[in-house]
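The structure appears below as structure tokens.
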Amino acid sequence: MTTRADRIKLFKKLAKERILILDGAMGTALQKLKLQEEDYRKIALEDHANELKGNADAMNISNPDVIKGVYLEYLKAGADIIETNTFSCTPISQADYGLEDQAYELAFHGAKLAREAADEMTEIDPTKPRFVAGAMGPTNRTLSVSPKVEDPGYRAVVFDEMKEAYRQNASGLLDGGADYLLIETIFDTLNAKAAIMAVEELKVERGEDIEVALSVTVTDKSGRTLSGQTVEAFWYSIRHAKPLTVGMNCAFGAADLRPFITALANKADTLICAYPNAGLPNELGAYTETPEMTASELCQWAEAGILNVVGGCCGTTPAHIAAIAKAMTDYAPRTVPAQPTEIRLSGLEPMIASV
């Protein structure tokens, strides 16, 4: 049985040799199953008082075979890394469903199922080891922006509450077997900082190194987060976390996301991870970019040397991941650039002073 530290060491070794493949969208896979309320409330949640339809994370304990089945589909399609089905496994997000007291359990079982699936596939083909990224979503609250237009100083959550929510999320993921923690779809850097601090506290408490990865999302083609930062400013504000990977997900399809990933790849002295949507949704909310279209666009990224880890977000399927995995075999991974010694500060914009 390998340890988390062993697997991270192997991850870093492989990342120098080839572009690693991340999985695709869990939500898209579940939507295709046309699940009903009863599918979300089996086993431990049969008598739960609240409606649960749409709470994919609840299925980690109520319908685990479905979740593990999706993991295996992506792994069989060629994914090296599987994200846990734990995007909303914080007490803050689960409060909408009355499951705030089970956030740890949902995270633990989401990671446990992913670990089982990854280990099964690694055993089948030891030449292609599989890894588990513990997904930590942004929650449905923001620390930087008031939800009340008439009261700009109001906050629906405070920093310590956010940190504690992430602490429960991270603890469950680590206990369930995640190799590293992926703080993703970051729209508010302060939320991400609460997650980073929660992980730093767990490092001390557990007496072990815990790798984190960070993935930001922008709100429009201006290339800014919801809280107003540019991608470069975001990087300078979280670089102290020394992430295993940094990158972007969601927002757009690959074509529209490329300028921002390129800017990040030029500045970040760590691995770049990108997982764009399958284009933009049409008027019916459907993503129409085919696997071939997505793979073709990402080939241009790989040829430009800006990728270390690549996968898919909203609208992507196992077919998309299979096409991406096949296409990436022709390209070498990005070389992490050395950065000059500079003072790098950030607000909404970056500020750099050479020394």
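The values are calculated or read from the model by the stated rules, or taken from the named source; none is laboratory data. Just so you know, these numbers come straight off a predicted model, no measurement behind them. A quick note on method: Cβ atoms are made from the backbone with ideal geometry, for glycine too, and the neighbour counts reach across all protein chains shown.
At a glance:
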{"quantity": "Qualifying positions in the range 308-326 - in a loop (DSSP other than H, G, I, E, B) and among the β-branched types (V, I, T)", "calculated": "T316, T317"}
{"quantity": "Residue, surrounded by the fewest Cβ atoms within 10 Å (Cβ to Cβ), within the range 210-257, restricted to residues that are farther than 12 Å from I186 by Cα and in contact with a Phe, Trp or Tyr (Cβ under 6 Å, 6 or more places away or on another chain)", "calculated": "G223"}
{"quantity": "Subset tally (residues that are surrounded by 22 or more Cβ atoms within 10 Å (Cβ to Cβ) and within 30 Å of V157 (Cα to Cα)) for the range 56-86", "calculated": "10"}
{"quantity": "Search result, residues across the range 145-168 that are surrounded by 13 or more Cβ atoms within 10 Å (Cβ to Cβ) and of a type in the set (A, V, I, L, M)", "calculated": "V145, A156, V157, M162, A165"}
{"quantity": "Close pairs from the range 28-46: first at positive phi and modelled with pLDDT under 95, partner among the hydroxyl-bearing types (S, T, Y) and part of a helix (DSSP H, G or I), Cβ under 9 Å, at least 6 apart", "calculated": "I43/S62"}
{"quantity": "Hits in the range 169-182 - residues which are of a type in the set (S, T, N, Q) and buried (at least 24 other Cβ atoms within 10 Å of the Cβ)", "calculated": "N169"}
{"quantity": "Restricting the range 47-78 to residues that are farther than 18 Å from A111 by Cα and hydrophobic (A, V, I, L, M, F, W, C), the residue that is modelled with the lowest pLDDT", "calculated": "A49"}
{"quantity": "Count of the range 157-196 residues which are aliphatic (A, V, I, L, M) and either free of Cβ contacts under 8 Å to residues at least 12 places away in the same chain or not in a helix (DSSP H, G or I) (or both)", "calculated": "7"}
{"quantity": "Sole exception among (1) buried (at least 17 other Cβ atoms within 10 Å of the Cβ); (2) out of contact with any strand residue (DSSP E or B) (no Cβ under 9 Å at 6 or more places or on another chain); (3) aliphatic (A, V, I, L, M) for I272, by number", "calculated": "(2)"}
{"quantity": "Residue in the range 126-140 that is in a loop (DSSP other than H, G, I, E, B) and of a type in the set (S, T, Y) present", "calculated": "yes"}
{"quantity": "Options T122, T185; residue that is touching a strand residue (DSSP E or B) at 6+ places or on another chain (Cβ under 6 Å) and surrounded by fewer than 24 Cβ atoms within 10 Å (Cβ to Cβ)", "calculated": "T185"}
{"quantity": "Helices (runs of 4 or more DSSP H) (entirely within the range 1-117) containing at least 1 residues that are more than 25 Å from L244 (Cβ to Cβ)", "calculated": "26-31, 37-40, 59-62, 64-77, 91-94"}
{"quantity": "Near pairs, Cβ below 8 angstrom, 6+ apart or cross-chain, from the range 328-350 (free of Cβ contacts under 8 Å to residues at least 24 places away in the same chain) to any residue that is hydrophobic (A, V, I, L, M, F, W, C)", "calculated": "T341/V355; E342/I352; E342/A353; E342/V355; I343/I352; I343/A353; I343/V355"}
{"quantity": "The one condition in (1) polar (S, T, N, Q); (2) over 14 Å from the mean Cα position of the chain (by Cα); (3) closer than 29 Å to Y74 by Cβ that S222 fails to fulfil", "calculated": "(3)"}
{"quantity": "The listed residue being charged (D, E, K, R) and under 15 Å from A29 (Cβ atoms), out of K53, K68, K112", "calculated": "K68"}
{"quantity": "Number of positions in the range 130-144 that are surrounded by 17 or more Cβ atoms within 10 Å (Cβ to Cβ) and out of contact with any strand residue (DSSP E or B) (no Cβ under 7 Å at 6 or more places or on another chain)", "calculated": "4"}
{"quantity": "Output for the range 270-288, where each listed residue is farther than 13 Å from L307 by Cα and at pLDDT 95 or above", "calculated": "N277, A278"}
{"quantity": "So E73, is it free of Cβ contacts under 8 Å to residues at least 60 places away in the same chain and acidic (D, E)", "calculated": "no"}
{"quantity": "Any hit, the range 298-321, residues being at pLDDT 95 or above, of a type in the set (D, E, K, R), touching a strand residue (DSSP E or B) at 6+ places or on another chain (Cβ under 9 Å) and over 18 Å from V231 (Cα atoms)", "calculated": "no"}
